[in-house]
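To start, the structure itself, in structure tokens.
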Amino acid sequence: MNEFERRPSGLVLPPGRVAKRFQGERVHRVAWKIVRGLYFYHFRKPLEEDAPKHLEIVPPGETPPKSFFVLSGTENHGRHPGVFDYTFGTYPHEHNCNYWAMLLWNRIIFTMAFQAPTCGCAECIAMFGTS
């Protein structure tokens with residue numbers, strides 16, 4: 001319970017709200033490891049640890065970014081939806097952009113965007129090398 005603060009830096013939060021501090025770089029690293037493992041599971045191709053990516057964390061009760069809704073209608077893949085669920089989409093027309101969303105404990109949404117290393121365009125070859 002010491003990780004939660006009712007008055008972070010002296011601020012008064014709305015009723016029922018608390019602040020939770022976390023190590024952002026650690027969360028980013030763990031989320032990327034999860035996505036890399038799931039990507040390999042689905043596509044049998046590894047993703048580089050240092051590949052460019054973008055992570056967004058949506059706290060409970062907040063509205064996800066507009067880009068999140070592009071995944072509506074895609075298949076959910078989690079075996080334990082109340083604890084961990086995920087979905088993804090690959091968009092070849094957008095430089096093989098991959099967009100993944102993970103739901104943790106039916107409360108927290110992580111979204112991760114990255115380019116697949118299999119794209120053959122000059123931009124991706126410069127970023128990822130040849131595949």
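In segment 103-117, is there at least one residue being more than 14 Å from Leu38 (Cα to Cα), at pLDDT below 80 and outside any helix (DSSP H, G or I)? Within segment 103-117, one or more residues are more than 14 Å from Leu38 (Cα to Cα), at pLDDT below 80 and outside any helix (DSSP H, G or I).
Scanning segment 22-72 for residues that are loosely packed, with under 10 Cβ neighbours inside 10 Å and charged (D, E, K, R) turns up Glu25, Arg26, Arg44, Glu49, Asp50, Lys66. Remark: pairs (first residue in segment 21-40, aliphatic (A, V, I, L, M); second residue in a loop (DSSP other than H, G, I, E, B) and at pLDDT 85 or above; Cβ separation under 7 Å; 6+ apart in sequence or on different chains) are absent. Restricting segment 1-51 to residues that are of a type in the set (Gly, Ala, Ser) and in a loop (DSSP other than H, G, I, E, B), the residue that is modelled with the lowest pLDDT is Gly16. Yes or no: segment 67-80 includes at least one residue that is of a type outside the set (A, V, I, L, M, F, W, C), touching a strand residue (DSSP E or B) at 6+ places or on another chain (Cβ under 6 Å), modelled with pLDDT under 90 and not in a loop (DSSP other than H, G, I, E, B). No, because not a single residue in segment 67-80 is of a type outside the set (A, V, I, L, M, F, W, C), touching a strand residue (DSSP E or B) at 6+ places or on another chain (Cβ under 6 Å), modelled with pLDDT under 90 and not in a loop (DSSP other than H, G, I, E, B). Pairs are defined by a Cβ separation below 6 Å, a sequence spacing of at least 6 or placement on different chains, a first member in segment 87-111 that is touching a residue at least 40 places away in the same chain (Cβ under 8 Å), and a second member that is surrounded by fewer than 18 Cβ atoms within 10 Å (Cβ to Cβ) and hydrophobic (A, V, I, L, M, F, W, C); the pairs so defined are Ile109/Val58; Phe110/Ile57; Thr111/Phe68.
The values are calculated or read from the model by the stated rules, or taken from the named source; none is laboratory data. Keep in mind the model is a prediction, meaning the values are calculated, not measured. Glycine gets a Cβ as well: all are built from the backbone with ideal geometry, and neighbour counts include every protein chain shown.
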